[in-house]
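Visitor: I have a structure I would like to understand better, so I am pasting it below and will then ask my questions one at a time.
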Amino acid sequence: MKKALITGITGQDGSYLAELLLGKGYEVHGIIRRASTFNTGRIDHLYQDPHINGVRLFLHYGDIADSTNLIKLLYNVQPEEIYHLAAQSHVRVSFDIPEYTGDVTGLSTVRILEAIRETGLKARFYQASSSEMYGKVAEIPQRETTPFHPRSPYACAKVYAYWLTVNFRESYGMHASNGILFNHESPRRGETFVTRKITRAVAQIVAGKQQKLYLGNLDAKRDWGYAKEYVEAMWRMLQQDQPDDYVVATGETHSVREFLDEAFGLVGMDYRDRVEIDPRYFRPAEVDLLIGDASKALRQLGWSAQTTFKGLVRIMLEADLKDNETQRDNLEQLYKQNTEIIAESLREIQRFQREFEAVKAKVAIGRSLESLAGMMKSSITELQGMMGGEMGQSMQQLRQSAAAGEGQMRATLDLAKEMGAGISRQQEARKMRGKALFEEYKKKMGMVQPEVAATSQAAPKPVERQKIAE
């Protein structure tokens, strides 16, 4: 299984090239820079956990500005093919950061070539060169032999990298080739590049998210092709027995204005109603016209562009329109989910409110009972105070009444005793009188019969005593 190493694997070209090589059975390794957020969106559909059996795409942290890291990677990976695509590739931005552009776009090439030489690898090397190197063109169309006249720091860095590749090929016998690619676009193109900026803006305007599009030079002409097809040409260059340099282009040129007209026309709009010119987007030195002659690529590589200009615009616009629809669908789905979540949350809140009100009512009852208990306690205390006073008075009165009653009872008892004593005395007197009468009666009777005398010695019968007493 062949191994390939790609710098710039997370970019437009790198992602398409990774797809192509994986489809051809390669084991693909890519260099990515460490970032605080994931920047692998273009290759997420290709990436798998490296612990899974059969995985053939591996990503390595590194930087093309770090030669030590590059040497280490080459030792570890041992690739048979190296595709150097990484760069600061925005032409307008290169005027603002020329030193950085020179470093990562120009010097990075010599770092990789030196790493290949240092490690002794027999790897084949592809250098991503650019039609911007032609700049102020010396001839139309531009071909492999057309002199370079770069018009930006980016183009100057690319010219340096181009000649370094030629030099290492000639000096050290390396299989090192330059692919002079003219403008190539796709739905994966960066959103700050003019073609993608246009198609994305059209989709945004259709969706009502944007009103105006601001651009620079509308008369600049470019040879625009489809990036997915161009990576096939890169691969074919490294399959050749001998290294060489190739122009990769469509052979047609179109202005930015034409691109606008085609893109807006596909949605029934006139770009002139939506596009404004912003001088900030003009380059200090313009490249007016680029058109490539790819006859050598056709002849030696068997490669030619298949997608037309109009077809390219349609592919890009449809992808952006679909992306907007997907975003809208996602937003609608998110809105629906959020609505359901909110509704459920409201139900929970209402349930909580009901429970809270119930607890609140219980607390209110508790407080009422507590208040009532307090009131009762206060009333009882007050009642006890009142009752204590009244009861004290009542007890005093009762004591006084009891004392008075006791005196009366004692007087009554004394009277009863006296009456009892009087009765006893009367009974005793009656008894004595009866006895005296009986003695007097005996005397009157004279002699007494023995049995009568004997009988008289016994106690008289109650009747007789009663009669005597009477």
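The values are calculated or read from the model by the stated rules, or taken from the named source; none is laboratory data. On a predicted model such as this, the values are computed, not experimentally measured, just so you know. Here the Cβ positions follow ideal geometry from the backbone for every residue, glycine too, while neighbour counts run over all protein chains shown.
Visitor: Of these, Lys336, Lys296, which one is modelled with pLDDT of 85 or more and surrounded by 10 or more Cβ atoms within 10 Å (Cβ to Cβ)?
Guide: Answer to the check: Lys296.
Visitor: So, one more: Counting only residues that are surrounded by fewer than 20 Cβ atoms within 10 Å (Cβ to Cβ) and in contact (Cβ under 8 Å) with a residue 40 or more places away in the chain, how many does the stretch 136-148 have?
Guide: Summing the residues that are surrounded by fewer than 20 Cβ atoms within 10 Å (Cβ to Cβ) and in contact (Cβ under 8 Å) with a residue 40 or more places away in the chain in the stretch 136-148 gives 5.
Visitor: In the list Arg169, Arg196, which residue meets the criterion of being assigned to a helix (DSSP H, G or I), among the charged types (D, E, K, R) and surrounded by 21 or more Cβ atoms within 10 Å (Cβ to Cβ)?
Guide: Among Arg169, Arg196, only Arg169 is assigned to a helix (DSSP H, G or I), among the charged types (D, E, K, R) and surrounded by 21 or more Cβ atoms within 10 Å (Cβ to Cβ).
Visitor: Another question, if that's okay. Pairs only if they're at least six apart or on different chains, beta carbon under 6 angstrom, first in the stretch 69-81 and farther than 17 Å from His175 by Cβ and without any contact (Cβ under 8 Å) to a residue 24 or more places away in the chain, second outside any helix (DSSP H, G or I) and of a type outside the set (Asp, Glu); list them, first residue then second.
Guide: These pairs meet every condition: Asn69/Gly62.
Visitor: Filter the stretch 181-193 down to the residues that are in a loop (DSSP other than H, G, I, E, B) and among the acidic types (Asp, Glu) and list them by number.
Guide: Glu191
Visitor: In addition: For the stretch 78-111, what are the residues that are β-branched (Val, Ile, Thr) and in contact with a Phe, Trp or Tyr (Cβ under 7 Å, 6 or more places away or on another chain)?
Guide: Ile82, Val91, Thr101, Thr105
Visitor: Of Ile180, Ile205, which residue is more than 18 Å from Val231 (Cβ to Cβ) and buried (at least 18 other Cβ atoms within 10 Å of the Cβ)?
Guide: None of the other options fit; the residue is Ile205.
Visitor: To continue, here is another question. Restricting the stretch 9-20 to residues that are crowded, with 23+ Cβ neighbours inside 10 Å and among the hydrophobic types (A, V, I, L, M, F, W, C), which is farthest from Tyr226 (Cα to Cα)?
Guide: Top of the filtered list is Ile9.
Visitor: Still on this model: When you check Arg151 against the structure, is it among the basic types (Lys, Arg), crowded, with 19+ Cβ neighbours inside 10 Å and touching a helix residue (DSSP H, G or I) at 6+ places or on another chain (Cβ under 8 Å), yes or no?
Guide: Criteria met by Arg151.
Visitor: Still on this structure, I have one more. Scan the stretch 208-232 for residues that are surrounded by fewer than 23 Cβ atoms within 10 Å (Cβ to Cβ) and among the aromatic types (Phe, Trp, Tyr) and jot them down.
Guide: Hits for the stretch 208-232 are Tyr214, Tyr226.
Visitor: Let me ask something else. Can you tell me which residue within the stretch 144-203, out of those that are acidic (Asp, Glu) and out of contact with any Ser or Thr (no Cβ under 9 Å at 6 or more places or on another chain), is farthest from Glu318 (Cα to Cα)?
Guide: Among them, the one singled out is Glu170.
Visitor: Separate question: Output the residues belonging to the stretch 98-135 that are among the aliphatic types (A, V, I, L, M), touching a residue at least 60 places away in the same chain (Cβ under 8 Å) and in a helix (DSSP H, G or I).
Guide: If the condition is that a residue be among the aliphatic types (A, V, I, L, M), touching a residue at least 60 places away in the same chain (Cβ under 8 Å) and in a helix (DSSP H, G or I), then Ile112, Leu113 are the ones that fit.
Visitor: Please determine whether any residue of the stretch 282-289 is under 39 Å from the mean Cα position of the chain (by Cα) and not small (Gly, Ala, Ser).
Guide: No - not one qualifying residue is present in the stretch 282-289.
Visitor: I'd like to check something: does the stretch 27-41 contain any residue that is modelled with pLDDT of 95 or more, more than 17 Å from Ser89 (Cβ to Cβ), among the small types (Gly, Ala, Ser) and not in a loop (DSSP other than H, G, I, E, B)?
Guide: No, because not a single residue in the stretch 27-41 is modelled with pLDDT of 95 or more, more than 17 Å from Ser89 (Cβ to Cβ), among the small types (Gly, Ala, Ser) and not in a loop (DSSP other than H, G, I, E, B).
Visitor: Suppose the filter is crowded, with 22+ Cβ neighbours inside 10 Å, more than 26 Å from Pro153 (Cβ to Cβ) and not polar (S, T, N, Q); does Ala86 pass it?
Guide: no
Visitor: Of Arg283, Arg354, which residue is of a type outside the set (Phe, Trp, Tyr), out of contact with any Cys (no Cβ under 8 Å at 6 or more places or on another chain) and loosely packed, with under 14 Cβ neighbours inside 10 Å?
Guide: Arg354
Visitor: Another question about this same structure. How many of the residues making up the stretch 136-165 are among the hydrophobic types (A, V, I, L, M, F, W, C), in contact with a Phe, Trp or Tyr (Cβ under 7 Å, 6 or more places away or on another chain) and not in a loop (DSSP other than H, G, I, E, B)?
Guide: Total satisfying the criteria: 1.
Visitor: List, please: which pairs have Cβ atoms under 7 Å, are six or more places apart or on different chains, and start with a residue in the stretch 46-57 that is loosely packed, with under 10 Cβ neighbours inside 10 Å and end with one that is among the basic types (Lys, Arg)?
Guide: Cβ pairs passing all conditions: none.
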